[in-house]
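Heads up, the thing below is written out as structure tokens.
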Amino acid sequence: MIHTCRRCGKQISPDAEICPYCGADTQVPAELIRCRQCHQRTSSDLTVCPHCGRRLQAWRPDRPLAVLALIFLFALWVSAGGGWRPLVQVGSRLVALLPPPATLPPPATSTPWPTATPTGTAIPPTPLPTLPATGTPTATPSPQPTATATPSPTPTLVAITYIVKPGDTAIDIALRFDITLADLLTYNNIPDANALRANQKLRIPPAGTAPTATATPTATVATPPTTSATASVTPRLTPTATAASNQPATYLVQPGDTLIGIAAQWNVTVAALMAYNHIRDAGSLRVNQELRIPPAGYVPPTATPRPPTATPTPAATATPAISLSPPSLLSPDDNAAYNGATTPIELQWKYPEDLPSGIESIVHIGVVTGQGADDIEWRLEEAVGTATHYRVPSWLFMQAPVEMGRSYVWTIEAATVSRSDNTITAISPVSPPSPRRRFYWN
């Protein structure tokens, strides 16, 4: 079996006590070293690590220290602004502080090797001369003169931009921003309130800056609204609305029109427009439908929640009287409060028994106009079939007077309903109306 000399690495006989090549003692017990790969302790006589099977090389702890020193050196170089002189100074001192590499002890032999030199003694590093700091001196900031505060200019009111959404009307947008319809149209140079388009940008005038319209249409028998280019709103008149005519002014419903928009154009209330045209359902407008504009001073009847029909339809056969118990209201509770036009308001009720065939629920919604029990202007009357719930339409928002707290009243009754071309022509109650409830909608 051939052995390897620990000093020179030559192969020698296992019986040799002294290496014939370098004179090292081959009987010196091997030391324990750490493998560079797995860091396990093993004999220095081995050439292969018995733990990881790799070539055995002694682990030198000074290498991780050198890596840390380089990282620290780079950090100092970055903090010093990238100059090379402080980098060289600090690097030289760090290298001087590193321990020397580990060396094997010399063999203890009686015959000295003529060329061997004593090892194992660390040579103290030569201290480097301290170099004067030659970095760029830090400039002392000179005091800056204090700027004299100038008075801030008066803020300029900026108009708000609103993007029209599908289903929006000019009057709805004006009510939402608490401005008049004429100011909105004049500020945006819009001659026709029905000419809005989806995704159209409108400028909302700030309070107190909107221009005043030069003319406001007023529906009267003698003088119809002007159609000049300077008018803020230009209603579309039928050929029969002339100054010499004794007939009331009329208006043809256009696509996208609503009752509240038409009423705002003609400076009349929705209730007056509905009562004058015998309209029971505000959502039953048809394109090209002819509406008569009520004259100045017309007051709609408010004694009954159902305005009288123009021509009652006689029943072909006598309908037997049906007496049902009034429905009980479930929700919302009396005096409930809501905020915002998009807030859902769901009316719910129930009957003591199931409704007979042909009987429908009638929803009545009105606005409170005074302190009296009958100071109610009914704005909606709608048949909902056998349903026991109803979503309040958004067009009723902001219709109640603000001086009465924007309060609304609702009640339910059962009735038989007559229709012609999907238009209600007659409603015959078959139950007393339910107790009234109030809600506030701001």
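Since every read-out is calculated from the coordinates, none of them should be taken as a lab result. Small disclaimer: the values here were computed from a predicted structure and weren't measured. FYI the Cβ positions are ideal-geometry reconstructions off the backbone, even for glycines, and counts take in every protein chain you see.
Can you give the FRET efficiency to the nearest 0.05 for Lys165 and Leu65, using r as the Cβ-Cβ distance and R₀ = 56 Å?
Numbers: r = 70 Å, r/R0 = 1.24.
E(calc), rounded to 0.05, equals 0.20.
Could you calculate the contour length gain from Ser331 to Cys38, that is, 0.36 nm times the residue separation minus the distance between their Cα atoms, to one decimal place in nm?
97.7 nm
Pull up the cross-link candidates among the aspartates and glutamates for Lys10, meaning alpha carbon to alpha carbon under 16 Å and not fewer than 8 places away within one chain.
Answer for Lys10, where 16 Å is the Cα cut-off: Asp25, Asp45, listed by chain and number.
Return the distance in nm (one decimal) between the two label points of a simple spin-label model at Phe177 and Leu252, each offset 7 Å from Cα along Cα→Cβ.
Label-label distance for Phe177 and Leu252, simple model: 3.1 nm.
List the residues of the range 410-437 whose backbone N lies under 13 Å from a point placed 7 Å from the Cα of Asp281 along the Cα-to-Cβ direction.
Under 13 Å, as judged by backbone N against the label point of Asp281, lie 417-427 of the range 410-437.
Under a point-charge model restricted to the Cβ atoms of Lys and Arg (+1) and Asp and Glu (-1), what is the dipole moment magnitude of the range 328-441 relative to its Cα centre, in debye to the nearest 20?
200 debye
Applying a 10 Å radius around every beta-carbon, put 394-405, 68-79 in order of their mean neighbour count, most first.
In decreasing order of mean packing, 394-405, 68-79 become 394-405, 68-79.
Inverting the mean 1/r over all pairs of different Cα atoms, compute the Kirkwood radius of the range 328-441 and quote it in Å.
Taking every pair of different Cα atoms in the range 328-441, averaging 1/r and inverting gives 14.8 Å.
For Thr388, which sequence-distant residues (separation of 5 or more, or a different chain) have an amide H within less than 5 Å of its own amide H, given hydrogens modelled in the peptide plane?
Correct list: empty.
Give the cross-link partners of Lys165 among the lysines, using a straight C-alpha distance below 21 Å as the criterion and excluding same-chain residues fewer than 8 apart.
Straight-line reach from Lys165, under 21 Å: Lys201.
Check cross-link reach from Lys350 to the lysines: straight Cα distance under 26 Å, and skip same-chain residues fewer than eight apart.
Output for Lys350: empty list, no partners.
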